[in-house]
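S.K.: Okay, here's the structure, questions in a sec.
The values are calculated or read from the model by the stated rules, or taken from the named source; none is laboratory data. Just so we're clear, the structure is a prediction, and the values are computed from it rather than from any experiment. When we count neighbours, we look across all protein chains shown, and the Cβ atoms used for this are built from the backbone with ideal geometry, even at glycine.
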Ligand code: NIG
Ligand code: FE
């Protein structure tokens, strides 16, 4: 049965070319007042002004859901997370609140390596369970596609355990989980002083094993001071590209390394963080497919300076926003918070944050042909907001709620308005 979503006060379609929105196009929401959506077989059949959607084939027999003037948007595409971890890092948090830095805490036994201990000691089934609980909360915040990295295993069997858990969790949730192999996240303690050898293992053992089991779509490297050098990143990514993975890089987060230019040179899908990006780095990201994926929740949480979002957009880069949800630098899975931080701290406009959190996020994952906008032929991933104006979403930080989240045409979270037709039979939605 087809579904008609009508009575939409503001429909953010994000309609446009299936490519990253840059510069002034980052403010273009293709917003329709008085809109409607017709959905069938999990796909958008028509999106536009209500009177024209009502004329579309099958609209008159569709079950009709009137949203009473609310805002409807595409589901968020969160292109960068480390959402698979065993537990929070509360001691790190407490130490930082007393003035110690991320780098100091990592050097004294906290940081990424303490999450590695957690994951290595956690059975695969427990990891699946933990992620399953998180995916419910993430859907409830309006995210319908989430990238998740490995990188808390740092040896073959634990990296495979993470990626297998991710695959298992993906089969249990309607949330689309996009797996990324991040073996080059940090040097594990048992390899201290042998970074070159660890990189050999990534290239010779881990990448082939992950590829053989088809467990990841992307590979990523934490290219930074104290982590992996530009040369090591290049080696890992070149080998990942040969194995068929898309590429991503943690670039210029703690220090400037030139990783964003490397990302551009390799045609990576995204260069992420960019806190210390120079003018030349920004220049390198102006052409080609590499999206500048900013994760300002981590800057907020670490109290670090923000990446140059305004400069990137004004010069014509394609900016995406992502949570970076992880236990060390951003324990936040909610894209609304990230949009709010982007507006208040990086001076992005509310419209730019919407583009960055939807279609440009999809581009950072190579999913722009099916995700990130509400256009005929695309997967029906939509969110209805308890709001009359799209600017309310980044404005009411910490508060505004999602009315419902729809994934591939099915209501998967929240409450459907009373006017809804047969979809109401889904009792899970009557929370
Ligand atoms: O994106 N920079 C590297 N990785 C994460 C932090 C992971 C952690 O601290 O556990 C980040 O900020
Ligand atoms: Fe990260």
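S.K.: Restricting the first residue to the range 58-84 and requiring it to be under 30 Å from residue 330 (Cα atoms) and in contact (Cβ under 8 Å) with a residue 40 or more places away in the chain, which pairs with a second residue that is in a loop (DSSP other than H, G, I, E, B) and within 16 Å of ligand 2 (Cβ to nearest atom) meet a Cβ separation below 6 Å and a spacing of at least six or different chains?
M.R.: Here the result reads 78/322; 78/323; 79/322; 79/365; 80/295; 80/322; 80/324; 81/323, each pair linking the range 58-84 to a residue that is in a loop (DSSP other than H, G, I, E, B) and within 16 Å of ligand 2 (Cβ to nearest atom).
S.K.: Which of the following residues is more than 16 Å from ligand 1 (Cβ to nearest atom), at pLDDT 95 or above and either farther than 30 Å from residue 245 by Cα or crowded, with 22+ Cβ neighbours inside 10 Å (or both): 364, 356, 320? Don't jump to the end; show me each part of the working.
M.R.: Numbers: 364 fails: more than 16 Å from ligand 1 (Cβ to nearest atom); 320 fails: more than 16 Å from ligand 1 (Cβ to nearest atom).
Going through 364, 356, 320 in turn, just one is more than 16 Å from ligand 1 (Cβ to nearest atom), at pLDDT 95 or above and either farther than 30 Å from residue 245 by Cα or crowded, with 22+ Cβ neighbours inside 10 Å (or both): 356.
S.K.: Name the pairs whose Cβ atoms lie under 7 Å apart, with the first residue in the range 211-232 and at positive phi, the second away from ligand 1 (no atom under 11 Å from the Cβ) and part of a loop (DSSP other than H, G, I, E, B), and 6 or more positions between them or separate chains?
M.R.: From the range 211-232, no pairs qualify.
S.K.: Within the range 131-151, which residues are in contact (Cβ under 8 Å) with a residue 40 or more places away in the chain and either away from ligand 1 (no atom under 16 Å from the Cβ) or farther than 19 Å from residue 79 by Cβ (or both)? It would help to see each step written out before you state the result.
M.R.: At the first step, the residues of the range 131-151 found to be in contact (Cβ under 8 Å) with a residue 40 or more places away in the chain are 131-132, 134-151.
Within the range 131-151, 132, 135, 136, 137, 138, 139, 140, 141, 142, 143, 144, 145 qualify.
S.K.: For the range 295-374, list the helices (runs of 4 or more DSSP H) that sit wholly inside it and hold at least 1 residues that are more than 17 Å from residue 269 (Cα to Cα), within 16 Å of ligand 2 (Cβ to nearest atom) and touching a helix residue (DSSP H, G or I) at 6+ places or on another chain (Cβ under 6 Å); which are they? I'd like the intermediate steps shown before the answer.
M.R.: Numbers: elements: 296-302, 309-315, 335-346, 350-357, 359-364.
In the range 295-374, the matching helices (runs of 4 or more DSSP H) lie at 296-302, 335-346.
S.K.: Output the number of the condition that residue 241 fails; it satisfies all remaining conditions of (1) within 16 Å of ligand 1 (Cβ to nearest atom); (2) part of a helix (DSSP H, G or I).
M.R.: Failed condition: (1).
S.K.: Here's something else I'd like to know. So, of the residues in the range 106-130 that are away from ligand 2 (no atom under 16 Å from the Cβ) and modelled with pLDDT under 95, which turns out to be surrounded by the most Cβ atoms within 10 Å (Cβ to Cβ)?
M.R.: Among them, the one singled out is 110.
S.K.: Right, here's the next one. Could you tell me how many of the residues in the range 30-53 are buried (at least 16 other Cβ atoms within 10 Å of the Cβ) and more than 27 Å from residue 392 (Cβ to Cβ)?
M.R.: Qualifying residue count, the range 30-53: 2.
S.K.: Further, regarding this structure: When you go through (1) within 16 Å of ligand 1 (Cβ to nearest atom); (2) within 23 Å of residue 157 (Cα to Cα); (3) not in a strand (DSSP E or B) one by one for residue 268, which number turns out not to apply?
M.R.: (2)
S.K.: Related question: Within the range 155-165, does at least one residue satisfy the condition of being in contact (Cβ under 8 Å) with a residue 60 or more places away in the chain, farther than 30 Å from residue 399 by Cβ, part of a helix (DSSP H, G or I) and in contact with a helix residue (DSSP H, G or I) (Cβ under 8 Å, 6 or more places away or on another chain)?
M.R.: We begin by selecting, within the range 155-165, every residue in contact (Cβ under 8 Å) with a residue 60 or more places away in the chain; these are 162, 165.
When the remaining residues are screened for being farther than 30 Å from residue 399 by Cβ, the result is 162, 165.
Now restrict to residues that are part of a helix (DSSP H, G or I): 162, 165.
Remaining after also requiring in contact with a helix residue (DSSP H, G or I) (Cβ under 8 Å, 6 or more places away or on another chain): 162, 165.
Yes.
S.K.: Mind listing whichever residues of the range 144-156 are within 18 Å of the chain's Cα centre (by Cα) and more than 16 Å from ligand 2 (Cβ to nearest atom)?
M.R.: Listed by number, the residues that qualify are 144, 145.
S.K.: In the range 238-279, how many are buried (at least 22 other Cβ atoms within 10 Å of the Cβ), touching a residue at least 60 places away in the same chain (Cβ under 8 Å) and either in contact with a helix residue (DSSP H, G or I) (Cβ under 7 Å, 6 or more places away or on another chain) or farther than 11 Å from residue 220 by Cβ (or both)?
M.R.: Residues flagged as buried (at least 22 other Cβ atoms within 10 Å of the Cβ), touching a residue at least 60 places away in the same chain (Cβ under 8 Å) and either in contact with a helix residue (DSSP H, G or I) (Cβ under 7 Å, 6 or more places away or on another chain) or farther than 11 Å from residue 220 by Cβ (or both) within the range 238-279 amount to 2.
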